[in-house]
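Below is one structure, written out as structure tokens, with a few remarks after it.
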Amino acid sequence: MSGPCGMIVLTWLWLAGVWLSGWASISLLARFGTRHSLSTKERGKLAGDLATAFLTGVLVCVLPLYVILAVVGRLSAVAFVTVLCVQLGLACLGARSLFRELRHHAGRLQDWWGLVGWALVVGLLASAAALWGYDAQAIYGLKAKILADGLSIYGPDFMDPYRVHYWNNYPLLVPLLEAQVFFWRNQWVLLTGEELWNDLGMPVLLWGFIIALVLQVAAATERRWAGCGPWMGLLFAITPMLWRWTEGAGLSGSVDVVFAGFVLSAVLELCQLAERTQLQWGPLIRGALFLTGACLTKQEGAIATGAILGAFVATTVWKLWRGRDSLAPLAVRRVILSGARCLLLVGLLVLPTFVFLRVVHGCMPAPPYSRPYLAAFNFDWLSRISDRPLTVGTFAVNEFFNNRWGLLWLLGALSLFLPRRQPIDVATVFCRAFLVLVLAAYLAIFVVTPYPLHFHLHTAFARLMFHIFPVFVVVAIEQIASLPWKRPALPAEPIAG
């Protein structure tokens with residue numbers, strides 16, 4: 001096993017270590033809680049846990065390196081080796097725990113073979129691809145190589161805005177993830193002496209996030225519409241934007257799929273928090289961690305954080321409006337205190353991330369061609385862009401029905417106008433409020449953008465919509481599952497051993 005094949009296999013092994021270490025982490029955390037029963041409502045639990053495990057494993061291997069980078073300014077071989085040793089230790093525990101869990105669910109996996117086959121095909125595509133996207137090379141891949149070579153983020157490679165890469169003040173979660181693979185690929189090259197360094201097979205890292213996204217959508221479907229999780233997950237999985245390698249798509253090497261994965265997981269966790277009056281630490285901690293991951297991936301994490309806090313406000317107002325005729329004064333106070341507590345705790349847990357990013361990246365100069373958005377908020381500029389809302393709206397309608405999305409935007413939008421057999425619950429209100437707030441923020445960005453409008457729309461609109469597309473799919477599936485039709489009874493469940 002030599003040459004490019006050896007490095008690709010090495011990448012797959014490292015990715016498996018990330019997944020298993022994440023599984024061990026969530027298994028250890030679960031020891032402090034209660035184990036869920038394997039009822040019909042928990043048919044999608046394994047899929048959701050696998051997605052959570054991967055994202056947790058990513059944070060386990062990246063956060064320590066980010067802290068070291070903030071303190072020392074560079075990553076040494078000792079740092080990479082230490083993180084790998086921790087990963088391997090957790091992976092050994094995770095492999096044993098995952099094997100037991102798979103045996104426990106063995107009778108429920110027969111419907112998931114379609115998704116497994118799709119995942120294998122996309123994995124082969126990822127193994128044969130390189131970091132083809134321009135952003136993948138210039139913003140993320142080159143920085144990852146600099147970090148893997150042990151150079152300082154406060155040296156000219158990062159501080160000089162006229163170097164080959166750009167946006168040197170971007171968050172570094174994905175470059176740190178790629179840097180670990182680059183470092184061990186370099187060691188493989190030194191060991192074998194047969195092949196120069198290359199990035200063939202690096203999209204395998206993005207494959208993990210694609211699978212996590214699909215599993216989360218399937219798990220969310222299974223909770224709402226038991227028995228349909230694998231099929232709706234497969235319908236979501238074949239969306240071209242998820243697996244293509246064009247700029248911004250899943251296998252392009254751009255980080256929008258990474259950001260979308262963290263955002264979807266954060267929303268699904270925190271909507272549980274909004275749904276209950278009593279505080280639940282599990283969804284709170286997991287949601288805050290995934291929101292932290294989103295903030296460490298892209299600067300749009302600040303928008304996602306604001307939208308989630310706004311969604312807590314919206315759900316609180318909705319609860320009060322729904323119970324305006326029946327809630328006693330004490331219950332009203334309890335609802336308001338619950339919403340305020342969620343706002344405060346999530347804000348406090350995520351605030352250190354913004355302080356951390358400011359400390360690490362605040363001294364890095366912005367590229368000379370960047371234009372501040374705050375400068376657009378003046379009367380002279382706003383008076384000249386009164387025609388932009390119509391332009392942006394027309395472009396958005398055309399884009400939503402572009403072939404890169406299949407028919408999911410259209411079907412999802414139409415489903416929202418169909419009748420329901422049951423009222424909308426709090427979790428759905430939370431997800432819908434989040435969608436509306438993020439969509440409004442993104443559209444407002446294009447309306448006031450200081451960059452050439454059509455250039456900005458064609459290069460960024462689809463990628464920004466990708467951030468909320470999985471949440472939109474989950475909302476649409478919930479709406480379809482609530483239609484007033486008679487669904488067939490589920491087959492009897494096998495007895496778990």
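Filtering region 192-249 to residues that are out of contact with any Asp or Glu (no Cβ under 9 Å at 6 or more places or on another chain) and among the aromatic types (Phe, Trp, Tyr) leaves Trp197, Trp207, Phe209, Phe236, Trp243, Trp245.
Using the structure shown, decide if Ile308 is within 24 Å of Tyr373 (Cα to Cα), aliphatic (A, V, I, L, M) and outside any loop (DSSP other than H, G, I, E, B). Yes, satisfied.
Taking region 1-104 and the helices (runs of 4 or more DSSP H) fully enclosed by it, the elements with 3 or more residues that are modelled with pLDDT under 85 and either within 20 Å of Thr292 (Cα to Cα) or out of contact with any Asp or Glu (no Cβ under 9 Å at 6 or more places or on another chain) (or both) are at 3-30, 77-104.
If the condition is being modelled with pLDDT of 95 or more and touching an Asp or Glu at 6+ places or on another chain (Cβ under 8 Å), then region 274-293 contributes only Phe290.
Residues are listed down the side, and each one gets a yes or a no for (1) surrounded by fewer than 13 Cβ atoms within 10 Å (Cβ to Cβ); (2) in a helix (DSSP H, G or I); (3) under 25 Å from the mean Cα position of the chain (by Cα); (4) not aliphatic (A, V, I, L, M):
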site	(1), (2), (3), (4)
Gly114	no, yes, yes, yes
Trp118	no, yes, yes, yes
Gly123	no, yes, yes, yes
Ala129	no, no, yes, no
Trp132	no, no, yes, yes
Ala138	no, yes, yes, no
Ala144	no, yes, yes, no
Tyr154	no, no, no, yes
Phe158	no, yes, no, yes
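Sort out which residues of region 55-72 are out of contact with any Ser or Thr (no Cβ under 8 Å at 6 or more places or on another chain), of a type in the set (A, V, I, L, M, F, W, C) and farther than 13 Å from Gln87 by Cβ, and write them in order of number. Of everything in region 55-72, those that are out of contact with any Ser or Thr (no Cβ under 8 Å at 6 or more places or on another chain), of a type in the set (A, V, I, L, M, F, W, C) and farther than 13 Å from Gln87 by Cβ turn out to be Val67, Ile68, Leu69, Ala70, Val71, Val72. Does region 230-239 contain at least one residue that is closer than 20 Å to Trp409 by Cα and in contact with a Cys (Cβ under 6 Å, 6 or more places away or on another chain)? Within region 230-239, not a single residue is closer than 20 Å to Trp409 by Cα and in contact with a Cys (Cβ under 6 Å, 6 or more places away or on another chain). In contact with a Leu (Cβ under 8 Å, 6 or more places away or on another chain), free of Cβ contacts under 8 Å to residues at least 24 places away in the same chain and under 24 Å from Leu172 (Cα atoms): does that describe Ala79? Against the criterion (in contact with a Leu (Cβ under 8 Å, 6 or more places away or on another chain), free of Cβ contacts under 8 Å to residues at least 24 places away in the same chain and under 24 Å from Leu172 (Cα atoms)), Ala79 qualifies. So is Phe401 of a type in the set (A, V, I, L, M, F, W, C) and surrounded by fewer than 17 Cβ atoms within 10 Å (Cβ to Cβ) or not? Yes, satisfied. Among residues of region 388-404 that are within 15 Å of Phe466 (Cα to Cα), those with a Cβ under 6 angstrom from a residue that is surrounded by 10 or more Cβ atoms within 10 Å (Cβ to Cβ) and aromatic (Phe, Trp, Tyr), sequence gap 6+ or separate chain, pair up as Glu399/Phe461; Phe400/Trp409.
Scanning region 387-421 for residues that are more than 20 Å from Ala441 (Cβ to Cβ) and among the hydroxyl-bearing types (Ser, Thr, Tyr) turns up just one, Ser415. With respect to the stated conditions, Gln299 fails to be free of Cβ contacts under 8 Å to residues at least 12 places away in the same chain and surrounded by fewer than 23 Cβ atoms within 10 Å (Cβ to Cβ). Against the list (1) under 12 Å from the mean Cα position of the chain (by Cα); (2) within 19 Å of Asp425 (Cβ to Cβ), the condition Ser338 fails is (1).
Table: residues versus (1) touching a Lys or Arg at 6+ places or on another chain (Cβ under 9 Å); (2) modelled with pLDDT under 75; (3) surrounded by fewer than 14 Cβ atoms within 10 Å (Cβ to Cβ); (4) in a loop (DSSP other than H, G, I, E, B).
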| residue | (1), (2), (3), (4) |
| --- | --- |
| Ser326 | no, yes, yes, yes |
| Val335 | yes, no, no, no |
| Ser338 | yes, no, no, no |
| Leu343 | no, no, no, no |
| Val355 | no, no, yes, no |
| Cys363 | no, no, yes, yes |
| Pro372 | no, yes, yes, yes |
| Leu390 | no, no, yes, no |
| Ala396 | no, no, no, no |
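For first residues located in region 356-375 and farther than 13 Å from Tyr66 by Cα, partners that are at pLDDT below 80 and loosely packed, with under 10 Cβ neighbours inside 10 Å and lie 6+ apart or on another chain with Cβ distances below 6 Å do not occur. Candidates are the residues of region 421-480 that are among the β-branched types (Val, Ile, Thr) and assigned to a loop (DSSP other than H, G, I, E, B); the one that is surrounded by the fewest Cβ atoms within 10 Å (Cβ to Cβ) is Ile424. Based on what the data block shows, is Val429 in contact with a Phe, Trp or Tyr (Cβ under 6 Å, 6 or more places away or on another chain) and among the β-branched types (Val, Ile, Thr)? Against the criterion (in contact with a Phe, Trp or Tyr (Cβ under 6 Å, 6 or more places away or on another chain) and among the β-branched types (Val, Ile, Thr)), Val429 qualifies.
The values are calculated or read from the model by the stated rules, or taken from the named source; none is laboratory data. Keep in mind that what you see is a predicted model, and the values were worked out from it rather than measured. Quick reminder, even Gly has a Cβ in these numbers, built from the backbone with ideal geometry, and neighbours come from all protein chains shown.
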